[in-house]
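K.L.:
To start, I am sharing the structure in question, which I have written as structure tokens.
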Amino acid sequence: MPWCPKCGNEYEEGVKECSECKVALVDEYPEKLSMKLLVTIESESNADKLTDYLKYSGIDSITELNDDNEYDIYVPKKKFYKAEEAFKGFYIATKQEEQLKEIKERLDEKGVDLDSIKVKNKGKAEEDWGIDSQEEETREDVSIEDALLSEVTEANDIVKLVDADEKTKKAIQEAVSDTLSDEEDDLKISTKAKKQYESKDDKYKDYESTFYTFTIFGVIGLIVVVLQLAGVFKFLNPISLGVMGVLFLYFVVVGIDAKIKMGKLKGEAKAEREMEKEFESYLDAALDERMLKSFDRHDSLELNYMDETAGIKKMLMAKFGEDLEGDYLDRFVEAYYDNRFDKD
């Protein structure tokens, strides 16, 4: 049976084009329809690295070159949140590698050979930072690369980890600082501007507004056309009258169509409201600030926000089922988080 590659509708044999999308049908169900866009990456090499990383994590993916010559990476909808977690790890690791490369290039320009720089014993470095090192293995030596990629790099205090003269320390500090303050995203990763989920209530209100607006203008316009035909008004020529008649009739048809869609959405909107009340009641009882922070895996506020919202989504899917629509769940969790936990 033929399928539409865009909307996924199935057609009888012999049909060649989708009546809704006006595109040619295909013989097999499009795999992409069961996938969701994870991320868009400009660099082909990084796109390949990410797909390899996802495969290693047990997640299949599809890569497509879009109209902007960027690489859209899709993953199965049922594994989307697992893919998000995998992507965060990939992003951090790859970003650190590129930061290290940039730091080395900046130091080369200053005449500093990074490989010749000695690093303090890791245990000594931790003592400098007031960290209580109980484990014997923390006393082993670390490389300059390990030091530069450690958390202290973010504090721009890397000089505490190296044994070098003041000039070299200053050069390292400047290279690290300039690299971390560089606003350009070397990974060239951009999240695709995806359409925000629109609640059933919002859709209902949109159709309601369309119904009243188009119906009122359409009916008033048709009344004017009828009065013109009856000879009450004589300010339109026959051609203009015909065009206006068709236009106002179209307005009425749009209004009727909106009314039909309102009827279909009314029950769905009520069911969605009730579902969200269940979500809220469950989370209010099961989730507090302490549990929310238990989801944190990073030092970055932005990444921890992703950790926390991902944790809330997992709670809801575990309680209410894995088949919850992804975009709908994203919208609900973001709104719930902002209302309950966002102090800004």
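K.L.:
Can you confirm whether the stretch 57-73 contains a residue that is in contact (Cβ under 8 Å) with a residue 60 or more places away in the chain and either touching a Lys or Arg at 6+ places or on another chain (Cβ under 8 Å) or not aliphatic (A, V, I, L, M) (or both)? Even if it seems obvious, please write down each step before you answer.
P.N.:
Our first condition is that a residue be in contact (Cβ under 8 Å) with a residue 60 or more places away in the chain; within the stretch 57-73, this holds for 70, 72.
Next, from what is left, pick out any that are either touching a Lys or Arg at 6+ places or on another chain (Cβ under 8 Å) or not aliphatic (A, V, I, L, M) (or both): 70, 72.
Within the stretch 57-73, one or more residues are in contact (Cβ under 8 Å) with a residue 60 or more places away in the chain and either touching a Lys or Arg at 6+ places or on another chain (Cβ under 8 Å) or not aliphatic (A, V, I, L, M) (or both).
K.L.:
Looking at this structure, is Tyr53 buried (at least 16 other Cβ atoms within 10 Å of the Cβ) and either in a strand (DSSP E or B) or in contact (Cβ under 8 Å) with a residue 60 or more places away in the chain (or both)? Can you show your working first?
P.N.:
Details: buried (at least 16 other Cβ atoms within 10 Å of the Cβ): yes; either in a strand (DSSP E or B) or in contact (Cβ under 8 Å) with a residue 60 or more places away in the chain (or both): no.
Against the criterion (buried (at least 16 other Cβ atoms within 10 Å of the Cβ) and either in a strand (DSSP E or B) or in contact (Cβ under 8 Å) with a residue 60 or more places away in the chain (or both)), Tyr53 does not qualify.
K.L.:
Just give me the residues in the stretch 246-274 being free of Cβ contacts under 8 Å to residues at least 24 places away in the same chain and surrounded by 14 or more Cβ atoms within 10 Å (Cβ to Cβ), in sequence order.
P.N.:
Matches in the stretch 246-274: Asp257 only.
K.L.:
So, in the stretch 315-329, exactly how many residues are within 18 Å of Ser281 (Cβ to Cβ) and in a helix (DSSP H, G or I)?
P.N.:
Residues flagged as within 18 Å of Ser281 (Cβ to Cβ) and in a helix (DSSP H, G or I) within the stretch 315-329 amount to 8.
K.L.:
Residue by residue through the stretch 58-75, note down the ones that are of a type outside the set (Val, Ile, Thr), in contact with an Asp or Glu (Cβ under 9 Å, 6 or more places away or on another chain) and buried (at least 17 other Cβ atoms within 10 Å of the Cβ).
P.N.:
So in the stretch 58-75, the residues of a type outside the set (Val, Ile, Thr) come out as 58, 60-61, 64-72, 74.
Next, from what is left, pick out any that are in contact with an Asp or Glu (Cβ under 9 Å, 6 or more places away or on another chain): 64-66, 68-72, 74.
Of everything in the stretch 58-75, those that are of a type outside the set (Val, Ile, Thr), in contact with an Asp or Glu (Cβ under 9 Å, 6 or more places away or on another chain) and buried (at least 17 other Cβ atoms within 10 Å of the Cβ) turn out to be Glu70, Tyr71, Asp72, Tyr74.
K.L.:
Let me ask another. Can you tell me which residues in the stretch 203-221 are over 24 Å from Tyr328 (Cβ atoms) and exposed (fewer than 15 other Cβ atoms within 10 Å of the Cβ)? Spell out how you get there, then give the answer.
P.N.:
Start the filter on the stretch 203-221 by keeping residues that are over 24 Å from Tyr328 (Cβ atoms), which leaves 211-221.
Once the filter is applied, which keeps residues that are over 24 Å from Tyr328 (Cβ atoms) and exposed (fewer than 15 other Cβ atoms within 10 Å of the Cβ), the stretch 203-221 yields Tyr212, Thr213, Ile216, Val219, Ile220.
Just so you know, all these numbers are worked out from the coordinates, no wet-lab data involved. What you are looking at is a predicted structure, and each value in this text was computed from that prediction instead of being measured. We place every Cβ from the backbone using ideal geometry, glycine too, and count neighbours over all the protein chains shown.
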